[in-house]
Amino acid sequence: LVGGNGAGKTTLVKLLCGFYHPTSGQILINGISVEDYNIIEYYKLIAAVFQDIDVMSLNIVNIVTGRSKEKADMDRFTDAVKRAGIYDKIQTLDKKEDTYINPVFDDKGINLSGGEIQKLMLARSIYKDAPVLILDEPTSALDPIAESEMYNQYNIMSKGKTSIFISHRLASTRFCDKILFLENGKIIEEGTHESLIEAHGRYAHIYEIQSHYYKDDAKKMTIADMEAAYE
């Protein structure tokens with residue numbers, strides 16, 4: 001899902017997650033309305049990572065697995081943090097996976113950067129291993145080159161799942177089976193990266209504006225830069 005601020009991307013994702021309920025129309029899964037599902041069972045189908053993240057003051061194992069270390073599958077935990085790209089950072093910490101995030105419950109707790117928090121949340125979604133993976137701007141705190149590398153990994157780890165993600169940066173959408181370009185709450189273009197470039201529409205125009213940020217010597221694309229491309 002791509003588009004500028006206010007296009008409706010996050011609203012659409014939160015409808016799919018069951019956080020919002022449609023005021024008209026229906027959301028169907030295999031022909032069955034989401035309103036007919038047990039909401040707890042429905043939540044089990046989805047692992048979501050949102051852009052605005054408040055991390056609880058727990059240790060890293062608690063945050064990623066949702067369990068105490070004694071009850072967590074530690075092999076699965078290690079695999080998740082490696083695939084999310086946060087394993088090396090954890091290994092530099094004195095208490096490693098037992099390290100608390102922020103010093104509320106442990107005065108030796110640490111504060112992670114925005115990009116590291118996003119990777120931690122990605123690890124949590126990988127650990128959950130739900131059939132539907134939803135990412136809402138999960139790499140907004142990363143520079144374009146780091147983001148591209150993460151999405152290459154994401155493409156591998158989402159194999160066999162229904163995967164939906166939101167991005168302002170159009171270069172990160174190349175591997176997608178289908179791209180939906182939204183404006184003013186409506187889908188105005190739909191297709192693969194290649195077909196949308198060939199169509200020479202809004203997607204192609206904005207991709208051209210953003211493309212110089214994806215060179216090896218590129219400066220970091222800010223949120224303002226991304227939004228300016230849509231104007």
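The values are calculated or read from the model by the stated rules, or taken from the named source; none is laboratory data. If you're wondering where the values come from, they're calculated on a predicted model, not measured in any experiment. Neighbour counts run over all protein chains shown; Cβ positions are idealised from the backbone, glycine included. Each accessible area value is taken on the protein alone, full model and side chains, heavy atoms only, with ligands, DNA and RNA left out. Shrake-Rupley method; radii C 1.70, N 1.55, O 1.52, S 1.80 Å.
A few remarks follow.
- Residue check for Val55: modelled with pLDDT under 90 and either closer than 25 Å to Thr162 by Cα or part of a loop (DSSP other than H, G, I, E, B) (or both): yes
- Residue count for the range 82-120, restricted to those that are outside any loop (DSSP other than H, G, I, E, B), open to solvent by 30 Å² or more (accessible area, probe 1.4 Å) and at pLDDT 90 or above: 9.
- Sub-8 Å Cβ pairs linking a first residue in the range 15-30 that is farther than 17 Å from Tyr43 by Cβ to a second residue that is part of a strand (DSSP E or B), at least 6 apart or interchain, are Gln26/Ser33, ordered by first then second residue.
- Flag for Gly25 being under 20 Å from the mean Cα position of the chain (by Cα) and either open to solvent by less than 50 Å² (accessible area, probe 1.4 Å) or not basic (Lys, Arg) (or both): no
- Condition met for Ile188 (in contact with a Leu (Cβ under 6 Å, 6 or more places away or on another chain), of a type in the set (Val, Ile, Thr) and at pLDDT 65 or above): no
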